[in-house]
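Structure first, then comments.
The values are calculated or read from the model by the stated rules, or taken from the named source; none is laboratory data. The model shown is predicted, which means the values in this text are computed figures rather than measured ones. In this analysis, Cβ positions are derived from the backbone assuming ideal geometry, glycine residues included, and neighbour counts consider all displayed protein chains. Surface accessibility is based on the protein's heavy atoms, side chains included, excluding ligands, DNA and RNA. Shrake-Rupley method; radii C 1.70, N 1.55, O 1.52, S 1.80 Å.
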Amino acid sequence: GPGFRRNFERPEAVLGRLSGDGRPAPGTGQQIQQPGAEKPRVRFYEGLEGLEAVRTDLLRLKELDILSVFSLDDAEQVLHQEHTEPFRKQLLDRKAKNRYIFTSSEAPKNIPEAWEGRRVPKDLFPLHGEITIYGDRVAMLSYKGKLIGVIIENSGLAETMKSIFELAWAASEKYSKK
């Protein structure tokens, strides 16, 4: 529509113009949001710090309703059990609702009954990271190459990603074997 402009740039060119907190560095950024629109808060992380930031952020929420799409093989390769078990226990203790779509070369073991997951073929849906939607946030982690993460805090984006998840959830039913 009028006023909508698409920019395609290399990520490093965009990141080079950002200050450490994700805002444009003075004199380099363009105003791309509508006046009065909710400004998203964006946080970038590298290494396991990104994963820990997502976990800490998620556990701050009063109600834990989590939607995720991820590669279990990649997650297990990057994250060892000592990183995952304490967090998983906290989620279970808090009675977190968790629905997820995942790829894996093997059926997962020890999935809590309260959580609902659907496995999709990794050859049809090659994933190398994770997208987790919770509250008004979308967290994205890349498990391929350098471990990086981003948390976007914006209710509009979170609602859109929830709708996309629901679409994928409905489509994933044909691959689910319980």
Note: probe point = Cα of residue 63 + 7 Å toward Cβ; backbone nitrogen < 12 Å; residues of the stretch 151-178 passing the test are none
Mean accessible area per residue over the stretch 130-178 (1.4 angstrom probe, all protein chains present, square angstrom) is 55 Å²
Across 95/144; 109/174; 109/144; 97/174, pairs whose alpha-carbon gap is larger than 29 Å: 95/144
Just to check I understand the Karplus step: with θ = phi - 60° and J = 6.51 cos²θ - 1.76 cosθ + 1.60, what whole-Hz values come out for the stretch 125-130, glycine and proline as x? 10, x, 10, 9, x, 8
Please turn the phi angles of the stretch 94-111 into ³J(HN,Hα) values with the Karplus equation 6.51 cos²θ - 1.76 cosθ + 1.60 (θ = phi - 60°), one per residue in order, whole Hz, x for glycine and proline. 8, 6, 5, 8, 9, 10, 8, 10, 8, 10, 6, 6, 9, 5, x, 10, 6, 8
For the stretch 57-173, the accessible surface attributable to carbon and sulfur atoms (probe 1.4 angstrom, ligands and nucleic acids excluded) amounts in percent to 55 percent
Could you work out how far apart the two model spin labels at residue 116 and residue 93 are, taking each label as a point 7 Å from the Cα in the direction of the beta carbon, and quote it in nm? 2.7 nm
So how exposed is residue 87, as accessible area in Å² (1.4 Å probe, rounded to 10)? 40 Å²
Pairs of alpha carbons in the stretch 58-178 whose separation is greater than 18 Å (percent): 53 percent
State the three equivalent ellipsoid semi-axes of the stretch 89-131, derived from the C-alpha gyration tensor as the square roots of 5 times its eigenvalues, in descending order and whole Å. 23, 11, 8
Amide H of residue 148 versus every other amide H placed in the peptide plane: which residues, excluding those fewer than 5 positions away on the same chain, fall under 5 Å? 47, 142
